[in-house]
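Every read-out reported here was derived from the displayed coordinates using simple, explicitly stated rules and does not represent laboratory data. If you're wondering where the values come from, they're calculated on a predicted model, not measured in any experiment. Please note: Cβ atoms are built from the backbone with ideal geometry, for glycine as well, and neighbour counts cover all protein chains shown.
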Amino acid sequence: MENCIFCRIANRETPARIVYEDERVLAFEDIRPQSPVHLLVIPRKHWMTLGDVAPEDGALLGHLFIVAARVARERGLEGTGYRTVINNGAWAGQTVDHLHVHVLGGRVFHWPPG
Ligand code: 5GP
Ligand code: ZN
C-alpha cells in the first residue's frame with residue numbers, strides 16, 4: 001500500500017535494520033526502542049489491525065508469531081522472558097496502521113500496562 005511506512009520497509013524503499021525476512025513476513029529494529037531489545041514483526045500483506053485478518057489468513061497470522069518467537073530466541077530473550085504486543089486502533093496507541101507485533105525484551109515489564 002502506498003504511503004504506508006511498513007509497506008515501504010517491506011519493499012526496501014525505506015531503510016530499516018532488518019533482522020529476519022522471508023516471503024511472507026519480516027522483522028526489523030524499532031526506530032525508537034522502548035527496551036534494550038525492541039523488534040517489530042510484520043506481514044508483507046497490509047492489514048491495518050487484527051480485525052482485517054480473514055479466517056483463511058490464519059496460517060500467515062500464525063507464522064507472524066512463530067517468527068516473533070524465533071527472533072526473540074535469537075536475541076537470547078527466552079530465558080528471562082519477553083513481551084509481544086499488538087496495538088489495535090487509537091485507544092491502544094497504534095500509530096502505524098500496518099499490523100505489527102512488538103517484541104520487547106531485555107528489561108522487566110509491568111502489568112497492567114499503562
Ligand atoms: P504502534 O504505536 O503503532 O504500536 O507502533 C509503531 C512502532 O513503529 C513504534 O514503536 C515506532 O517507534 C515504530 N516506527 C515508526 N516509524 C518507524 C520507521 O520508519 N522505522 C522503524 N524501524 N520503526 C518505526
Ligand atoms: Zn502497509
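In percent, what relative contact order does the stretch 5-105 have, based on Cα pairs under 8 Å that are 6 or more apart in sequence?
Rounded, it is 32 percent for the stretch 5-105.
Each residue of the stretch 78-89 in turn: what ³J(HN,Hα) in whole Hz from Karplus with 6.51, -1.76, 1.60 and θ = phi - 60°, glycine and Pro shown as x?
5, x, 7, x, 7, 10, 10, 9, 10, 8, 10, x
If you bin the C-alpha pair distances of the chain every 5 Å from 0, what whole percents do you get?
Bin by bin from 0 Å, the calculated values are 2, 11, 23, 25, 21, 13, 5, 0.
Name all residues of the stretch 38-76 having a backbone nitrogen under 17 Å from the label point set 7 Å from the Cα of Glu13 along its Cα→Cβ direction, giving them as ranges.
Of the residues in the stretch 38-76, 43-48 have backbone N under 17 Å from the label point off Glu13.
As I understand it, the value is the acute angle between the Cα axis of helix 58-74 and the longest principal axis of the Cα atoms of the chain; what does it come to in degrees, rounded to 10?
Around 40 degrees separate the two axes.
Please give the net charge around Ile9, taking every other residue with its beta carbon less than 13 angstrom from that of Ile9, where Lys and Arg add +1 and Asp and Glu add -1.
Numbers: positive: Arg8, Arg12, Arg17, Arg44; negative: Glu13, Glu21, Glu29, Asp30.
Overall, the nearby charge balance is 0.
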